Amino acid sequence: MDFAVLKQEIIEYSKQIGIDKIGFASADVFETLKERLIVQQQLGYQSGFEEPDIEKRTNPELLLPKAKSIISIALAYPSKMKNAPRSTKKERRGLFCRASWGTDYHVILKDRLKKLESFILEKVDGAQVKSMVDTGELSDRAVAERAGIGWSGKNCMIITPEFGSYVYLGEMITNIPFPPDTPIEDRCGSCNICVDSCPTGALVQGGQLNSKKCIAFLTQTKGFLPDEYRGKIGNRLYGCDTCQLVCPENKGKDFHIHSEMEPDPEIAKPKLKPLLHISNREFKEKFGHIAGSWRGKKPIQRNAIIALAHYKDRTALPDLIKLMHEDSRPIIRGTAAWAIGRIGDQSVLFELEKALEKEQDEEVKNEIVKGIEMLKA
């Protein structure tokens, strides 16, 4: 079989099924990535969400024996929201990052990859394939870089000439020896805007990220948010787009190609106060189809409380006081107490003191004390 011809047929088919860019790479071990991951692990910069086995992350043959190639795909997503609702003093709103607008991208890319798999398996007897999106062992970005989809920017994202960094990535390992594509030359040059603009300094240097400090990671954690980051979160409920928004390569990039990626403004930029008392069922019905719901409602509610504190929204005090006294979850009670101290005045001091008297959880007590100290100060 002429694999160069098959490659061209796959490229043409990919366009028919809604893949915006496709590239082909060898399945050789990712040696440079392996070295970088070892350093990241030693420095404690990993998030904990990724595959812990570095060998599996860098050696495709451990995932598919006799792997010869990896096909990388990219789908462009919107960077601007049509008819975005405004946040008002009476109704403050939070924000989900752009990668969580519309239907969960894992679902969308898996659909495209499944169609691509079927096409290849029909064409080639004995073909083997293994696809993955985000949660797989391989690094989507390392594969995309090798396959010529884009270059790895200083913001640790793949930047494509066509769509900027506003792309979802997925890949397929196969035993078919496709002719590989040529990687794209790095165009970041001396630009360092993303590193300088990172709210928490998570971009240690161009191309190196301390995930533990990244707001995108922090918004997904389930515990108490460290004090030093609470003021940095702003109104973000899930994820962070700062390093994309400031990137010159993203200027003017806004693609509305896929209808399932279009954001519902009331979901992508929801009112904060209703989130505080939303039930599990209501949360699943409203937010269950988006990527930002994967950790459940608790991190989103904690972030909503922090966002209300960011706005110093006094209209939220009754809701926060109710949470502090009645919620069964220590993280929510404690964060609410901290927020009351940030927003309120002496008139709510007795509520914090009353909560402190009956609270049994030591971490929550610490948060209540922080709230009291803020009010007294």
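Things to note:
- Cα-based helix-to-principal-axis angle, 3-16 vs the chain, degrees rounded to 10: 40
- For the stretch 312-377, projected area of the alpha-carbon convex hull averaged over all directions, nm²: 3.7
- MRE, 222 nm, helices only [DSSP H, n ≥ 4, -39500 (n - 2.57), over the chain, to nearest 500]: -12000 deg cm²/dmol
- Out of every Cα-Cα pair that the stretch 208-318 contains, those further apart than 22 angstrom amount to 39 percent.
- Vicinal HN-Hα couplings computed from phi for the stretch 44-60 (Karplus, 6.51 cos²θ - 1.76 cosθ + 1.60; Hz; Gly/Pro x): x, 8, 6, 7, x, 7, 7, 4, x, 7, 4, 4, 5, 6, 10, 10, x
- What separates the Cα centres of the stretch 276-308 and the stretch 192-240 is a distance of 20 Å.
- Projected over every direction and averaged, the convex hull enclosing the alpha-carbon atoms of the stretch 92-193 yields 8.7 nm².
- Distance between the C-alpha centres of the stretch 117-180 and the stretch 63-95: 17 Å, rounded to the whole angstrom.
- Kirkwood's formula applied to the C-alpha pairs of the chain gives a hydrodynamic radius of 22.4 angstrom.
- Long-range lysine pairs (8 or more apart or interchain), the stretch 312-377, Cα under 20 Å: 12
- From least to most packed, judged by other beta carbons within 10 angstrom and beginning with the fewest, Trp338, Trp294, Trp101, Trp151 follow the order Trp294, Trp151, Trp101, Trp338.
- Per-residue HN-Hα couplings for the stretch 140-154 [Karplus 6.51, -1.76, 1.60; θ = phi - 60°; Hz; x = Gly/Pro]: 3, 5, 5, 5, 4, 5, 5, 7, x, 5, x, 9, 7, x, 5
- Separation of the stretch 330-361 and the stretch 1-38, taken as the distance between their Cα centroids, equals 54 angstrom.
- Summing Lys and Arg as +1 and Asp and Glu as -1 over all other residues whose Cβ lies under 13 Å from the Cβ of Thr335 gives a net charge of +2.
- Cα-based helix-to-principal-axis angle, 362-376 vs the chain, degrees rounded to 10: 60
Quick note: the coordinates plus some simple rules give every number you see, no bench work behind them. Predicted model, so just to flag it, every value in this text is computed and none were measured. Don't worry about glycine lacking a Cβ; one is built from the backbone with ideal geometry, like all the others, and counts go over all protein chains shown.
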